[in-house]
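Here's the structure, in structure tokens; my notes come after.
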Amino acid sequence: MITSVWFNRFKNASALVLLFVSGLQPAAAADVYEFTDRSGRKLEAIIVKFNETEVDVQRVSDRRSFTLALEDLSDADQRYLKKAYSSVAADEAGQADALIPGEVITLDFPELGSMAKGKSAQCQLSVPKHYDPLRPTPLLVWFSGGAGSHLVQSAQGLVDFDGFLVLTLPYPDGRLPRLAVNAGEDEINAFWDFQKPMLDRVIELVPNISEEIRIAGGSSSGGHLVGSALDQKWRGFCDYFTGYILHEGGHCPEMKFSGTRSSHHILVIYGEKSTSREWQDFFMERFDQARGRIEYIEVPNAGHGLNGDGKALIREWIQAKFGKDLG
């Protein structure tokens, strides 16, 4: 338990400056935090040492030392400390060395088999130019058309690469999601079995991914992939991402989209002159039953492909829906 002696002189404590020492990296000078226990009592202190269950601190007023059990702290304090500690742990494990701002990282997954053209499975992650391990970083995961692509250049123009983590995931053996849907639920669900370990690796590598801005989107084949995920309620997809983009795609086994949630922001975007326009109209009729905040956007004079105008509209939509959280 946290004893009242730690707090009784600090009912009006203003802030806690967090400093990680004794083998842990120091927090940024801008990190200011109000330390609160579950009873609402406050303490101004310097963090001396931290582990998964407790934190050693020194009270600012008299340098007296205490050990605080993590479970006695407020939920907000626990979330903050775990996130800060995870960032340090990643650095100590050598993972943060791979996160060079502005760099594109290729991750290899030979254990997953092949992607398109028989190449061993890979994905790419673009680290934003302005990456800061102590700040939430928005994420876009993109699924390309056709046989898919593991290259981040396939997502160029969709978001600001200076501010977003961009991850591009391929398809198993370069199979087309639309054909997999026609072959049955097991075929399309196998796509996520192939891709989820890649996303999990990135989540482990980047512990400060934003909780508010996690967007999954795709064009054509990628749209079918996203539609299938929302239809089949893929774990780690419907409950992880906060926004979805379906461009010229969305074919899925049941066409019920029962994995959508009222909190989701969803964009359905298509070309005015698309060769798949008849199917697109049918899809939108079915998608109307989905939950979430859905917006339909038609790209003037565009065909099936995702052109510059379509990409610009996607960027504008992301800014409109998530701008308050982009900073």
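The values are calculated or read from the model by the stated rules, or taken from the named source; none is laboratory data. Quick caveat, the model's predicted, so the values are computed rather than measured. FYI the Cβ positions are ideal-geometry reconstructions off the backbone, even for glycines, and counts take in every protein chain you see. For accessibility, only protein heavy atoms count, side chains too; no ligands or nucleic acids. Shrake-Rupley method; radii C 1.70, N 1.55, O 1.52, S 1.80 Å.
Values as computed for the structure displayed
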quantity	calculated
Shape of segment 264-327, Cα gyration tensor, a/c cut at 1.5	oblate
Accessible surface, per residue, of segment 193-327 when the full set of protein chains is kept, probe 1.4 Å, Å²	42 Å²
Distance between segment 97-126 and segment 251-327 - C-alpha centres, whole angstrom	28 Å
Long pairs among LYS196/LYS273; LYS129/LYS321; LYS119/LYS273; LYS117/LYS311; LYS233/LYS321, criterion Cα-Cα beyond 25 Å	LYS196/LYS273; LYS119/LYS273; LYS117/LYS311
Segment 32-71: relative contact order in percent, alpha carbon pairs under 8 Å with at least 6 residues between	27 percent
Sites SER262 and ALA183 - FRET efficiency at Förster radius 22 Å, r taken between beta-carbons, to 0.05	0.10
Neighbour net charge for PHE237 - beta-carbon separation under 12 angstrom, K R +1, D E -1	+1
Global form of segment 219-327, assessed from the alpha-carbon gyration tensor, a/c cut-off 1.5	oblate
Cleavage-rule hits, GluC sites (Glu not before Pro), segment 207-301, DSSP coil, Cβ neighbours within 10 Å at most 15	GLU254, GLU272
Using a Förster distance of 35 Å, the FRET efficiency for HIS130-ASN51 (Cβ separation, nearest 0.05)	0.65
Whole-Hz ³J(HN,Hα) from phi, Karplus 6.51 cos²θ - 1.76 cosθ + 1.60, for segment 194-209, glycine and proline x	7, 8, 4, x, 5, 4, 4, 4, 5, 4, 5, 6, 10, x, 10, 4
Principal axes of segment 166-246: Cα extent on each, largest first, Å	38, 21, 20
Cα→Cβ-extended label distance, 7 Å offset, between ASP288 and GLN58, nm	6.7 nm
Length released on extending from THR275 to ALA320, taking residue separation times 0.36 nm less the Cα-Cα span	13.3 nm
Karplus-derived HN-Hα couplings along segment 232-242 (A = 6.51, B = -1.76, C = 1.60, θ = phi - 60°), whole Hz, x at Gly and Pro	8, 6, 4, 5, x, 10, 5, 9, 10, 7, 10
3J(HN,Hα) from dihedral phi, segment 273-288, Karplus parametrisation 6.51/-1.76/1.60, rounded to Hz, x for glycine, proline	10, 4, 5, 9, 4, 4, 5, 4, 5, 4, 4, 5, 4, 6, 6, 4
